[in-house]
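Heads up, the thing below is written out as structure tokens.
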Amino acid sequence: MRCLFGTDGVRDVANRGMMTPEMALRLGRAFILFLAERGIPRPRILLGRDTRRSGPMLEAALTSGMVSAGAQVRTLGIIPTPGVSYLLQEGEADGGAVISASHNPAEYNGIKFFDGAGFKLRDEDEAAIEDYLGDPLLDDWRPTGASIGETEPLLGGMDRYVLWLRECDPVGLRDGWTGVFDCAHGAACVPAKALVAGSPSSLRWIGDAPNGLNINEGVGVMHLSALSEEVLRARVPFGVAFDGDADRTLLCDSRGRVLDGDVILWVLARWLHGQGILGSGLVATVMSNLALEEKLQREGIRVFRCPVGDRYVLETMHREGSLLGGEQSGHVILRDWVRTGDGLCTALLFLRACRELEEDVDTLWDRFARYPQKLCNVKVRDRKAVMESPLLRETLGDAEAELKDRGRLLLRPSGTEPLIRVLVEARDVDLMGRVTDRIVQVLESIKG
């Protein structure tokens, strides 16, 4: 059982709770002890971060913890999370760490770990790291002299990542694009601009002025109205938005309508299937719209469902033999290209797929014809206590009986915030609203 780690690493308000420098130092030591006891006594570690003000503070603490345990730490500075994964995939180190709270506000930060192949750690690995935090060996094991680790910057890492990204759609870069890129004042700012440098692309930029305190503030995938408004104002064919660490992407068409992860997966699945490189089918989470499943089944493409979280998407892809998986939120894993969600790679391949399938981006929103969905986030004090409430269980049973085969219901606690997420999906909008309102009222009466 994991207590510190959520669906995407350890996360909290920076300098509070689970995200203090003291905790970062101990997490760093525990990660290296975890690797050492698995046959890597002096591991090489790549370390990146996003643009938050708290990043350097936590980087210093995390680095100190890892070096004190004997690691050789190579720092990358500000770089997208998938950039670290890519460099690990290329054989640069034995493990990696990223300091980022992804889509969360600037006051948050987090730490997530990767193995030497560029994959996020499994649940059982994170649970083992938590066990080391309470093991006396963590404090007793103190290398000295030449056994103490070292730290140095890894120069050119970002450049190599950008060069690889250019290979994802060299034709698109050669011909150029006209659109809007929203970098969320985050880690995508530098590589996104470097990507199109020297190409005839005519791009407009928003969310491209990070100051340490504005990451995800009013921009990025969490605030798509900024992108939609700029696309409409500039009268361009499309817009692309990222989150703070650039492992997610969402788009909008020329009318400012959002093309979410389901639409992205719908296009990519058909493109890969046509090339014979989709594998057994598509992996989507329980949050994906039923329309995605229906449309791909008509194309002879299987859809496998899994829990929310890109690590669970990847695990299901491995198990089922799929080469594409993702989430409605914009995390997409294209197994022949990446080993974690990569917003820049996904955007490039989506645009390439649209071109090669001769898709008109402006028709995708209408043609997808999603089931109406209502998603509500209800703040609670104790997620576990709320989920175990008899009143809630009774309410859910009644709601599922009312929905029957006319829709579906999903209730899940957030892995990173004190929230319960309620998703109701049905063709009948009145039914959807009625069921949602009833569940939200019960949640608000319980709180936990």
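Can you find, within the stretch 122-141, the residue that is surrounded by the most Cβ atoms within 10 Å (Cβ to Cβ) among those that are in contact with a Phe, Trp or Tyr (Cβ under 8 Å, 6 or more places away or on another chain) and either assigned to a strand (DSSP E or B) or among the small types (Gly, Ala, Ser) (or both)?
Filtering first and then ranking leaves Ala128.
Restricting to the stretch 400-437, and then to whatever is among the basic types (Lys, Arg) and modelled with pLDDT of 90 or more, can you tell me which residue is least open to solvent (accessible area, probe 1.4 Å)?
Taking the stretch 400-437 first, the residues among the basic types (Lys, Arg) are 404, 406, 408, 412, 421, 427, 434.
When the remaining residues are screened for being modelled with pLDDT of 90 or more, the result is 421, 434.
Numbers: Arg421: 37, Arg434: 115 Å².
Applying the filter and picking the extreme gives Arg421.
Take the residues of the stretch 168-224 that are part of a helix (DSSP H, G or I), touching a Pro at 6+ places or on another chain (Cβ under 8 Å) and open to solvent by less than 60 Å² (accessible area, probe 1.4 Å): which is farthest from Met158 (Cα to Cα)?
The residue in question is Cys189.
In the stretch 78-121, how many residues are open to solvent by less than 10 Å² (accessible area, probe 1.4 Å), touching a residue at least 60 places away in the same chain (Cβ under 8 Å), not in a loop (DSSP other than H, G, I, E, B) and not hydrophobic (A, V, I, L, M, F, W, C)?
8
Farther than 23 Å from Pro21 by Cβ, charged (D, E, K, R) and loosely packed, with under 14 Cβ neighbours inside 10 Å, is that true of Asp159?
Yes: the conditions hold for Asp159.
Sort out which residues of the stretch 281-291 are open to solvent by 40 Å² or more (accessible area, probe 1.4 Å) and either in contact with a Leu (Cβ under 6 Å, 6 or more places away or on another chain) or part of a loop (DSSP other than H, G, I, E, B) (or both), and write them in order of number. Before the answer, list the steps.
From the stretch 281-291, those open to solvent by 40 Å² or more (accessible area, probe 1.4 Å) are 286, 290; that's our starting set.
Listed by number, the list holds a single entry, Val286.
Looking at Arg311, Arg319, Arg270, which is the one that is part of a helix (DSSP H, G or I), open to solvent by 20 Å² or more (accessible area, probe 1.4 Å) and closer than 19 Å to Cys345 by Cα?
Exactly one residue qualifies, and that residue is Arg270.
Starting from the stretch 394-410, take each residue that is outside any helix (DSSP H, G or I) and list its partners that are of a type in the set (A, V, I, L, M) and surrounded by fewer than 16 Cβ atoms within 10 Å (Cβ to Cβ), counting only C-beta distances under 6 angstrom and pairs at least six apart or across chains.
The qualifying pairs are Leu410/Val286.
Identify, from the list Ala246, Ala241, the residue that is part of a strand (DSSP E or B), open to solvent by less than 40 Å² (accessible area, probe 1.4 Å) and closer than 28 Å to Lys112 by Cβ. Full working, then the answer.
Details: Ala246 fails: part of a strand (DSSP E or B).
Step by step, each of Ala246, Ala241 is checked, and only Ala241 is part of a strand (DSSP E or B), open to solvent by less than 40 Å² (accessible area, probe 1.4 Å) and closer than 28 Å to Lys112 by Cβ.
Can you tell me which of Pro21, Pro43 is over 29 Å from Thr249 (Cα atoms), in contact with a Leu (Cβ under 6 Å, 6 or more places away or on another chain) and of a type outside the set (S, T, N, Q)?
That would be Pro43, the only listed residue that is over 29 Å from Thr249 (Cα atoms), in contact with a Leu (Cβ under 6 Å, 6 or more places away or on another chain) and of a type outside the set (S, T, N, Q).
Which numbered condition in (1) in contact with a Cys (Cβ under 7 Å, 6 or more places away or on another chain); (2) at pLDDT below 95 is the only one that Val283 fails?
Unmet condition: (2).
Leu35 is checked against (1) part of a helix (DSSP H, G or I); (2) of a type outside the set (Gly, Ala, Ser); (3) out of contact with any strand residue (DSSP E or B) (no Cβ under 7 Å at 6 or more places or on another chain) and fails just one. What number does that condition carry?
It fails just one condition, (3).
Give me the residue from the stretch 338-397 that is open to solvent by less than 60 Å² (accessible area, probe 1.4 Å) and among the basic types (Lys, Arg) and, out of that set, farthest from Glu167 (Cα to Cα).
Arg339
When only residues in the stretch 292-308 that are surrounded by 15 or more Cβ atoms within 10 Å (Cβ to Cβ), free of Cβ contacts under 8 Å to residues at least 40 places away in the same chain and of a type in the set (D, E, K, R) count, which is nearest to Gly274 (Cα to Cα)?
Top of the filtered list is Arg302.
Of the residues that sit in the stretch 60-101 and are within 17 Å of Arg339 (Cα to Cα) and hydroxyl-bearing (Ser, Thr, Tyr), which one is farthest from the chain's Cα centre (by Cα)? Give the steps one after another, and end with the answer.
From the stretch 60-101, those within 17 Å of Arg339 (Cα to Cα) are 79-98; that's our starting set.
Next, only the ones that are hydroxyl-bearing (Ser, Thr, Tyr) stay: 81, 85-86.
Values: Thr81: 9, Ser85: 13, Tyr86: 15 Å.
Only one residue fits best here, namely Tyr86.
Is it true that Val378 is touching a helix residue (DSSP H, G or I) at 6+ places or on another chain (Cβ under 6 Å) and assigned to a helix (DSSP H, G or I)?
no
The values are calculated or read from the model by the stated rules, or taken from the named source; none is laboratory data. This is a predicted model, so every value here is computed, not measured. No Cβ is skipped: glycine too gets one built from the backbone with ideal geometry, and neighbour counts run over all protein chains shown. Side chains included, ligands, DNA and RNA excluded: accessible areas come from the protein's heavy atoms. Shrake-Rupley method; radii C 1.70, N 1.55, O 1.52, S 1.80 Å.
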